[in-house]
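One structure is given here, and the rest of the page talks about it.
Derivation of every value follows stated rules applied to the coordinates shown; laboratory data play no part. Bear in mind that the values here come from a model prediction, so they are computed numbers and not experimental data. Positions of Cβ are generated from backbone atoms using ideal geometry, with glycine treated the same way; all protein chains shown enter the neighbour counts.
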Amino acid sequence: MAGKFELKKSKNDKYFFSLLAANGQTILASEMYDAKASALAGIESVKKNAGDDARYLRLDGKDGSPYFTLRAANNQVIGQSQMYASAAARDSGIESCKTNGPGASTSDLS
């Protein structure tokens, strides 16, 4: 199974998506969007930008846990990863995002 996007609707009627790896683990999670069309545009932005290493910010959380964000050309954050146990694990997450993001299908669960 290839990676895929899952589009969902929250309890407060907002839309969000996750990029999942082939094993089902979440690689990247979006912000909340008011409109479904905006969430779908966010998915397209991930597809467009995921392959470009320069679009990733490698960061550390307040507790020192590594994570990353993916940014669009305008520097707006498109999505954020989970917290990882090590920088190497974070970097593997970025590689997974680069591999899975551009060609991932979308499963609309909203």
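Diffusion coefficient (Stokes-Einstein, Kirkwood radius over C-alpha pairs, 37 °C, 0.692 mPa s) for the chain: 238 µm²/s, rounded to a whole number. Shown here for region 1-36: trypsin sites (Lys or Arg not before Pro) in loop regions (DSSP other than H, G, I, E, B) with at most 15 other Cβ atoms within 10 Å, namely Lys11.
Along region 25-41 the Karplus relation, 6.51 cos²θ - 1.76 cosθ + 1.60 evaluated at θ = phi - 60°, assigns HN-Hα couplings of 6, 6, 9, 9, 10, 8, 7, 8, 10, 6, 10, 4, 4, 5, 5, 5, 5 Hz to successive residues, with x for each Gly and Pro.
Sorted on the mean count of surrounding Cβ atoms within 10 Å across their residues, most packed first, peptides 51-58, 17-24, 101-108 read 17-24, 101-108, 51-58. For region 62-110, applying the loop criterion from DSSP together with a ceiling of 14 other beta carbons within 10 Å to the trypsin sites (Lys or Arg not before Pro) yields Lys62.
If only the Cβ of Lys and Arg carry +1 and only the Cβ of Asp and Glu carry -1, the dipole of the chain around its Cα centre is close to 160 debye. Applying D = kT/(6 pi eta Rh) to region 1-51, where Rh is the Kirkwood radius over alpha-carbon pairs, T corresponds to 25 °C and eta to 0.890 mPa s, the Stokes-Einstein value obtained is 220 µm²/s. In plain terms, the residue of Val77, Val46 with the fewest other Cβ atoms within 10 Å comes first and the most crowded comes last, giving Val77, Val46.
For the chain, relative contact order (Cα pairs under 8 Å, six or more residues apart, normalised by length) works out to 32 percent.
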